[in-house]
Amino acid sequence: MNQVKQESFAELFEQSIQSKQMNPGDIVTGTIVSFEKDYVLVNVGLKSDGVIPRYQFENHAGEADINVGDSVDVVIEMLEDGFGETRLSREKAKRAVAWKSLENSHEKNDTIQGVLTGKVKGGFTVELEGGVRAFLPGSLLDVRPVRDHTFLENKDVDFKIIKMDQKRNNVVVSRRAVVAEAMSSERDELLETMEEGQEIKGIVKNLTDYGAFVDLGGVDGLLHITDMSWKRIKHPSEVVTIGDEIAVKVLKFDREKGRVSLGLKQLGDDPWLSLAARFPSGSVLTGKVTNLTDYGCFVEIENGIEGLLHMSEMDWTNKNIHPSKVVQLGDEVKVMVLEIDEERRRISLGMKQCQDNPWDAFAKAHKAGDKVQGTIKSITDFGVFIGLNGCIDGLIHLSDLSAEKTGEEAVHDHKKGDEVEAVVLAIDPSRERISLGIKQLHMDAFEVYLDTHNKGVTVKGEVVELNDQGAKIQLTSEITAELPAGDIEGDVSMGDEVKVRIVEVDISAKLIIVSMKTAVKRARKTRVSGDDASAGKATLGDLLKAKMDGAGE
């Protein structure tokens, strides 16, 4: 009876083995029998145990990740290889399972995890579960171009599978799809609560020449370079760097288009507020040169506040001098506030105003009739320019070069570099013009004065004497005029400076008669009619000014 049972059991076992039609490439479940030095024996229900290299069961530290008696999925590589062994592979089984899992994730559009392991032509390599290697195109790394991708390397990153082919062992993944999906949900939530004027935190994710893009959590906002700082900056990197977490203010928000304009400087006080009160026109202060241009330089007079120092305001005599010949970046300079336009946020500064005006200094030191010396600097069609003290020029008109010669004939007697003596005919500091004459050297003071101050001209003088007949007016250091009592307007005291009009000239007696009343009436008439303050007769001074105006133009 026992013999029959044993035979029946043997038959049943043989039939069970035959019923398992195992073929190379099949995935079967086996049991760990033993761990040897270089291999592991696995029983999958065949006549002999299968052999698998030991390294397929070890982790990165060289330790076994499974124990004797545990079940494990393997792939049959060869049945009875001729040496009585069945060769199995755990790696191929894991890979097959991984591919099946990836296929399911691909069908369901699920997110998977992988590690970005390196950069290749056109993109990156990504290692997925089960050792499956995938390709990540560079265009699918993020929703925006990323210059520095090192923050993603050797880290678990979420991806979407967009293409896979097991036969060709080809898998293409996208991180961009994951980011876009996450941004979409976060974006909707953020857009619902966002308001203009709101303060919010974000991370700087990209820099451009015109500003920075800040990730607000699903929505990117543009922080323009002009809204980063109250002071002038050349590049956004001077204020922020990629990866910085910063607080910003929402300046403008378009909910439909999802566009957000951000501001950083708006979180602080506006230094332009009440600027005119702090720095009224005429204020002299010290600032730092922050930028040089062809037309001037910018000077920081307060943190975040810069003013333009135009090249015409750098030097009294050199109007077109290049700024780099006067100042350098970083220089501390003394400047005067000329004008502040708070609405347009512009400040005009002057440097020459902090120095003595050579035209005013000359006017204080000289009067009409004084003699001066200088070197001929240039000769023009209308006259000769003489260099004077203070690096300023005076003009000798052709008509004032010689009493005997005229025009080009008079000019031929002079050449550039000659040292000459001349008489001061007129000084106009406001227009930076000085009129000189050589022929007047041979005339007395009275003749020189009348040469430019004829009848009908309004002049200024000082009251030096008062009597019953009237007053005496000092016109120059050598010329006085008589002011009859009947021509005095209002109260006049000794030392007063008065404006009078020449009404009569007696050359033989060297007498000049002036009138205050006539000067006042003429001034009133001029304000009403717009006529010139001088008489209808054109004087040599008038002609000279006209010539100089024409030359300036």
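The values are calculated or read from the model by the stated rules, or taken from the named source; none is laboratory data. In this text the structure is predicted, and so the values were computed from the model without any measurement. No Cβ is skipped: glycine too gets one built from the backbone with ideal geometry, and neighbour counts run over all protein chains shown.
From Gly287, Gly221, Gly282, which residue is farther than 15 Å from Lys205 by Cα and not in a loop (DSSP other than H, G, I, E, B)? If you could, list the steps in order and put the result at the bottom.
Values: Gly221 fails: farther than 15 Å from Lys205 by Cα; Gly282 fails: not in a loop (DSSP other than H, G, I, E, B).
Only one candidate qualifies: Gly287.
For the range 324-332, state whether one or more residues are of a type in the set (Gly, Ala, Ser), under 23 Å from Asp148 (Cβ atoms), touching a strand residue (DSSP E or B) at 6+ places or on another chain (Cβ under 8 Å) and part of a loop (DSSP other than H, G, I, E, B). Spell out the reasoning first.
Our first condition is that a residue be of a type in the set (Gly, Ala, Ser); within the range 324-332, this holds for 324, 330.
Now narrow it down to the ones that are under 23 Å from Asp148 (Cβ atoms): none.
Within the range 324-332, not a single residue is of a type in the set (Gly, Ala, Ser), under 23 Å from Asp148 (Cβ atoms), touching a strand residue (DSSP E or B) at 6+ places or on another chain (Cβ under 8 Å) and part of a loop (DSSP other than H, G, I, E, B).
Take the range 179-225 and flag every residue that is farther than 19 Å from Arg147 by Cα and either β-branched (Val, Ile, Thr) or in contact with a His (Cβ under 7 Å, 6 or more places away or on another chain) (or both).
Thr193, Ile200, Val219, Ile225
Give Asp209, Asp220, Asp244, Asp215 a once-over and let me know the one that is farther than 24 Å from Val179 by Cα and not aromatic (Phe, Trp, Tyr). If you could, list the steps in order and put the result at the bottom.
Numbers: Asp220 fails: farther than 24 Å from Val179 by Cα; Asp244 fails: farther than 24 Å from Val179 by Cα; Asp215 fails: farther than 24 Å from Val179 by Cα.
When all the criteria are applied, what remains is Asp209.
Report, by residue number, each residue of the range 23-48 that is small (Gly, Ala, Ser), under 16 Å from Asp73 (Cβ atoms) and either part of a strand (DSSP E or B) or out of contact with any Gly (no Cβ under 8 Å at 6 or more places or on another chain) (or both).
Within the range 23-48, the first condition is being small (Gly, Ala, Ser), and the residues that meet it are 25, 30, 34, 45, 48.
Checking the rest, the ones that are also under 16 Å from Asp73 (Cβ atoms) come to 25, 30, 45.
Residues satisfying the conditions are Gly25, Gly30.
One residue is enough: does the range 394-410 have a residue meeting the conditions of a type in the set (Asp, Glu), without any contact (Cβ under 8 Å) to a residue 60 or more places away in the chain and closer than 29 Å to Lys521 by Cβ?
No, there is no match, as no residue in the range 394-410 is of a type in the set (Asp, Glu), without any contact (Cβ under 8 Å) to a residue 60 or more places away in the chain and closer than 29 Å to Lys521 by Cβ.
State which residue is surrounded by the most Cβ atoms within 10 Å (Cβ to Cβ) when the search covers only the range 358-376 and only residues that are at pLDDT 90 or above and not in a helix (DSSP H, G or I).
The extreme case among them is Gly374.
Mind telling me which of the residues Ile473, Ile438, Ile512, Ile434 ends up being hydrophobic (A, V, I, L, M, F, W, C), modelled with pLDDT of 90 or more and under 24 Å from Thr375 (Cβ atoms)? Spell out how you get there, then give the answer.
Details: Ile473 fails: under 24 Å from Thr375 (Cβ atoms); Ile438 fails: modelled with pLDDT of 90 or more; Ile512 fails: under 24 Å from Thr375 (Cβ atoms).
So the residue among Ile473, Ile438, Ile512, Ile434 that is hydrophobic (A, V, I, L, M, F, W, C), modelled with pLDDT of 90 or more and under 24 Å from Thr375 (Cβ atoms) is Ile434.
Is there a residue being of a type in the set (A, V, I, L, M, F, W, C) and either at pLDDT 85 or above or not in a helix (DSSP H, G or I) (or both) anywhere in the range 405-419? Even if it seems obvious, please write down each step before you answer.
First, the residues of the range 405-419 that are of a type in the set (A, V, I, L, M, F, W, C): 410-411.
Applying the additional criterion that residues be either at pLDDT 85 or above or not in a helix (DSSP H, G or I) (or both) yields none.
No, because not a single residue in the range 405-419 is of a type in the set (A, V, I, L, M, F, W, C) and either at pLDDT 85 or above or not in a helix (DSSP H, G or I) (or both).
Look at the range 224-272 and say how many of its residues are part of a loop (DSSP other than H, G, I, E, B) and either on the phi > 0 side of the Ramachandran plot or touching a residue at least 40 places away in the same chain (Cβ under 8 Å) (or both). Break it down into steps so the answer makes sense when it comes.
From the range 224-272, those part of a loop (DSSP other than H, G, I, E, B) are 228-235, 239-244, 255-258, 264, 268-272; that's our starting set.
Adding the requirement that they be either on the phi > 0 side of the Ramachandran plot or touching a residue at least 40 places away in the same chain (Cβ under 8 Å) (or both) leaves 229-232, 242-244, 255, 258, 264, 270-272.
Of the residues in the range 224-272, 13 are part of a loop (DSSP other than H, G, I, E, B) and either on the phi > 0 side of the Ramachandran plot or touching a residue at least 40 places away in the same chain (Cβ under 8 Å) (or both).
If we keep just the residues of the range 208-238 that are hydrophobic (A, V, I, L, M, F, W, C) and more than 14 Å from the chain's Cα centre (by Cα), which is farthest from Gly307 (Cα to Cα)? Write out each step before concluding.
Our first condition is that a residue be hydrophobic (A, V, I, L, M, F, W, C); within the range 208-238, this holds for 212-214, 216, 219, 222-223, 225, 228, 230, 233.
Those still in the list that are more than 14 Å from the chain's Cα centre (by Cα) too: 213-214, 216, 219, 222.
On the way: Phe213: 29, Val214: 30, Leu216: 35, Val219: 37, Leu222: 27 Å.
Here the residue is Val219.
Under 20 Å from His366 (Cα atoms) and surrounded by fewer than 18 Cβ atoms within 10 Å (Cβ to Cβ): is that true of Glu421 in this structure?
Answer is yes for this residue.
Look at the range 333-356 and say how many of its residues are in a loop (DSSP other than H, G, I, E, B), over 20 Å from the mean Cα position of the chain (by Cα), of a type outside the set (Asp, Glu) and surrounded by fewer than 16 Cβ atoms within 10 Å (Cβ to Cβ). Explain how you work it out, then say what you get.
Quick first cut of the range 333-356, residues in a loop (DSSP other than H, G, I, E, B) only: 342-345, 351, 355-356.
Applying the additional criterion that residues be over 20 Å from the mean Cα position of the chain (by Cα) yields 351, 355-356.
After this cut, where a residue has to be of a type outside the set (Asp, Glu) as well, the list is 351, 355.
The next check asks that each one be surrounded by fewer than 16 Cβ atoms within 10 Å (Cβ to Cβ); those that pass are 355.
The number of residues fulfilling the criteria is 1.
Residue under question is Gly130, and the condition is that it be touching an Asp or Glu at 6+ places or on another chain (Cβ under 8 Å), at pLDDT below 85 and not aliphatic (A, V, I, L, M); does it hold? Break it down into steps so the answer makes sense when it comes.
On the way: touching an Asp or Glu at 6+ places or on another chain (Cβ under 8 Å): no; at pLDDT below 85: yes; not aliphatic (A, V, I, L, M): yes.
For Gly130, the condition - touching an Asp or Glu at 6+ places or on another chain (Cβ under 8 Å), at pLDDT below 85 and not aliphatic (A, V, I, L, M) - is not met.
This table checks each residue for (1) in contact with an Asp or Glu (Cβ under 8 Å, 6 or more places away or on another chain); (2) outside the structural domain of His322 (by TED's automatic domain parsing); (3) charged (D, E, K, R); (4) closer than 14 Å to Leu349 by Cβ.
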{"residue": "Val248", "(1), (2), (3), (4)": "yes, yes, no, no"}
{"residue": "Phe253", "(1), (2), (3), (4)": "yes, yes, no, no"}
{"residue": "Gly263", "(1), (2), (3), (4)": "yes, yes, no, no"}
{"residue": "Ser283", "(1), (2), (3), (4)": "no, yes, no, yes"}
{"residue": "Asp294", "(1), (2), (3), (4)": "no, no, yes, no"}
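Which of the following residues is at pLDDT 65 or above and over 18 Å from Gly130 (Cβ atoms): Ser101, Ser8, Ser34? Show your work before the answer.
Values: Ser101 fails: over 18 Å from Gly130 (Cβ atoms); Ser8 fails: at pLDDT 65 or above.
On inspection, the qualifying residue turns out to be Ser34.
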